[in-house]
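Enquirer: Mind having a look at this structure? Questions to follow.
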Amino acid sequence: MTDISVKGLVKAFDQERNILDGLDLDVTAGEHIGILGRNGGGKTTLFRILAGELTPDEGDVAIASGKRLGLISQIPSYPPEYTAEDVLKTAHRRVDAIAARMERLQLQLETDHAPALLAEYDRLQADFERLGGYETERMRNTVANGLEIPMRQRMQRFDSLSGGEKTRLNLARLILEDTDILLLDEPTNHLDLHATEWLEDYVRKFRGTVLAISHDRYFLDRIAQRTVEIENGRAVSYSGNYSFFVAEKRRRCEEQRRAYEKSQRQIRQLQEAADNLHLWAFLGNDKLHKRAFSMEKRIARLQTVERPQTEKRMKARFCEQEFFGDEVLVLEDIGKQYDGKTLFSGLNLMMTGGERIALIGDNGTGKSTLLRILMGQELPDAGFTHFGPQVKIGYLPQVVTFQDDTRSLLDTMLWEEKCDPQTARDRLGQFLFSGEDVFKPVSALSGGERSRLKLCMLMRHDVNLIILDEPTNHLDIASREWMEDALGGYGEALLFVSHDRYFIEKFATRIWELKDGGIVDYRGGFSEYREYCQRMESVGRTEKTQEKRKNPKPKRVDGKAAEKQLARLEREIAKTEAAIAELDRQAAEDYAADYEKLMEISARRETLDAALLELYEQWENQAQ
């Protein structure tokens, strides 16, 4: 069964070219497809057409009847008083409507036992159970915890959230809805490693259809069963994940290159023969003209074999200064707090020459703050850092800025790098800024282009320590591969913050994970570190199991005593649930008025939640 059928799709935003040019795509129900293509190549345009946000200039789009489609890049508007929790609850509007109708039917059934009313109530109850009506709160908590949306954020007004927080919340809402087709446009952009891994696991288990635009190659390898590349406005399909796509595209290009070279050899041979036949025909044998014309028709057919397109690749390399010594970087007892919250404390670390360290951790743990402390842009609350005497640093921040955004790319190079015009043009050309592009103002560049320009300037200098803060954040896959090529030829020390697991796996020889206010220092690659973490989790689970065996559950009480104990537990459960409901009511009233009170309410609710879980366990044990 086909969920999505696209035929001859054409869309243009200007008169010069069609961004989609006769695109055809069929998606089978339940398929998980990775969508690739260069930035500006039409991927998001395709999604917006599928979601009904844009109308195509030509072509047809058909979505299977009755299938619900959700687009992650689309953030709906909500009433100004809506909290993040209200937004999550909108995912259960169907369940809430069913529950409201069931309540009305219950009132009617008290006085009217008509078979039609009873049948409707039974049908609604079955739908309510099928849609998880009794587990909506648990589902919201599970998804919010998985995507690391804390309770305090759920109590905030939706319009006060950042763009990244809104995107993450919208993803949670889509997951909670009964959506059959998920369109995910860069879903991992604002997620840290743990949240990305949770999303991966969810998508892999999702039984519906998934189309995912992503520059996260590790994510695509894990979730995609098929890969579709949008190239020159058309869709080219590959029957595998990202790694399969890379190998298969290389094979197809090589095959096309051989076919093109063979056709060119044949064209040259046939053209030479045709020219000779025409010459001999002028010497008195007119029949030879016909043979020459026949050869020229063959030449025309051979000329339809297209020359394979090869992408322009940047050839720049980092300039290096050889490092002599032991210590590149030393951190001694470093600590930092924000608004009374300790990000980290007591950090004692040393980096030596040639090491490649990935600084990882959840969002908000202080990774970028630590880099800013190293660069002298912020002061630590405790401790100090120092670099080796011969260390020359190259730094690429997460937010790239220039002295004057109104200057052109060429003028920016001339002013900030103090180089001559020809050197500036040559250098910009190496980074694929050529022709009229060099006269564009810096303010007109995309995030990826700004990073590329900054790297163009950074790589002119002799450095032996490169510090990168989320270097691949705004780059498409081709640009990420170029950066990897450039770093691949660099042999000195490298310290970088990244959520790009493909990038981390390729470069990291040591992992620093910011966690619980400290750093886990692991000397090894990313895959080895993940295996180490899984082993530690497994050991922790084993220890908990052994502890439970040492402290077995109390034996059941029989007879009337058991009934009394059950009744007591039920009263305690009801009392605790009422207390939690009262706290939720208070939080809804005070969420914007008193932040400290909200934190106190949140802490009390966590305590009551833990107590309620324990009461449930006791009740289940006693009821068995």
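The values are calculated or read from the model by the stated rules, or taken from the named source; none is laboratory data. Quick caveat, the model's predicted, so the values are computed rather than measured. Cβ sites come from the backbone with ideal geometry, for glycine too, and all protein chains shown count toward neighbours. Heads up: the accessible areas ignore ligands, DNA and RNA and are worked out on the full protein's heavy atoms, side chains in. Shrake-Rupley method; radii C 1.70, N 1.55, O 1.52, S 1.80 Å.
Enquirer: Calculate the spin-label point distance for ALA29 paired with TYR260, positioning each point 7 Å from the Cα along the beta-carbon direction, and give it in nanometres.
Expert: Spacing of the two 7 Å Cα→Cβ label points: 4.2 nm.
Enquirer: Here's another thing I want to ask about it. Helix 447-458: angle to the longest alpha-carbon principal axis of the chain, degrees 0 to 90, nearest 10?
Expert: Relative to the chain, helix 447-458 is tipped by roughly 60 degrees.
Enquirer: Hey, what number do you get for the chain at 222 nm if only DSSP H runs of n ≥ 4 count, each worth -39500 (n - 2.57), divided across all residues, to the nearest 500?
Expert: Calculated mean residue ellipticity at 222 nm is -15500 deg cm²/dmol.
Enquirer: Nearest 10 degrees, 0 to 90: what angle lies between the long axis of helix 193-205 and the longest principal axis of the chain (Cα atoms)?
Expert: 90 degrees
Enquirer: What does DSSP give for the chain in terms of the percent of beta bridges that are antiparallel, rounded to the nearest 5?
Expert: Expressed as a percentage, antiparallel bridges in the chain total about 50.
Enquirer: Nearest 10 degrees, 0 to 90: what angle lies between the long axis of helix 559-590 and the longest principal axis of the chain (Cα atoms)?
Expert: 60 degrees
Enquirer: Then there is this: Find the Cα radius of gyration of the chain, compare it with 2.2 N^0.38 Å by division, and give the number to two decimals.
Expert: 1.24
Enquirer: Which residue, chosen from TYR218, ALA116, HIS278, occupies the Cα position most advanced towards the positive end of the dipole of the chain, where the dipole is computed from +1 (Lys, Arg) and -1 (Asp, Glu) charges on Cβ about the Cα centre?
Expert: About the Cα centre, the residue reaching furthest to the positive side is HIS278.
Enquirer: Work out how much length HIS289 to ALA444 would gain on full extension: take 0.36 nm times their residue separation and subtract the Cα-Cα distance, in nm to one decimal.
Expert: So the extension gain works out to 50.0 nm.
Enquirer: Just going by the charge dipole of the chain, with Lys and Arg at +1 and Asp and Glu at -1 on Cβ, which of VAL143, PHE47, LEU199 is farthest out on the positive end?
Expert: My answer, from the dipole projection, is PHE47.
Enquirer: Work out how much length THR90 to ASN141 would gain on full extension: take 0.36 nm times their residue separation and subtract the Cα-Cα distance, in nm to one decimal.
Expert: Answer, rounded to one decimal: 16.9 nm.
Enquirer: Follow-up question, since we're still on this one. Considering the alpha-carbon set of region 160-280 alone, what are its Rg and its Dmax in angstrom?
Expert: In Å, with Rg to one decimal and Dmax whole: 23.3, 84.
Enquirer: If you don't mind, there's one more thing I want to ask. If I model a spin label at TRP415 and ARG307 as a point 7 Å from the Cα along the Cα→Cβ vector, what separation in nanometres do I get?
Expert: 4.0 nm
Enquirer: Now a separate question. Assign unit charges at the C-beta atoms only (+1 for Lys and Arg, -1 for Asp and Glu), then state the dipole size of the chain relative to its Cα centre in Debye, rounded to the nearest 20.
Expert: 2200 debye
Enquirer: Farthest toward the dipole's positive end in the chain, which of ALA478, LEU174, PHE245, given Cβ charges of +1 (Lys, Arg) and -1 (Asp, Glu) about the Cα centre?
Expert: PHE245
Enquirer: Then there's this: Roughly how many nanometres apart are two label points built 7 Å out from the Cα toward the Cβ at GLU614 and GLN337?
Expert: The answer from the label model is 3.0 nm.
Enquirer: Taking H placed 1.01 Å from N in the peptide plane, check which residues at least 5 places from LEU20 or on another chain put their amide H under 5 Å from its amide H.
Expert: Correct list: LYS11.
Enquirer: Report, to the nearest whole %, how much of the accessible area of the chain belongs to carbon and sulfur atoms, 1.4 Å probe, protein only.
Expert: 48 percent
Enquirer: While we're on this one: Given a 1.4 Å probe and heavy atoms of the protein chains only, how would you sort ASP60, ASP127, largest accessible area at the top?
Expert: Largest accessible area first, the list is ASP60, ASP127.
Enquirer: Sort the following peptides by mean Cβ neighbour count (other Cβ atoms within 10 Å, averaged over residues), highest first: 500-509, 376-385, 523-532.
Expert: Ranked from most to least packed, the peptides come out as 500-509, 523-532, 376-385.
Enquirer: Would you grab the residues whose amide H sits under 5 Å from the one on ARG510? Only those 5+ places off in sequence or on another chain, please, with H modelled 1.01 Å from N.
Expert: Close amide H contacts, sequence-distant or interchain: ARG356, ALA358, GLY524.
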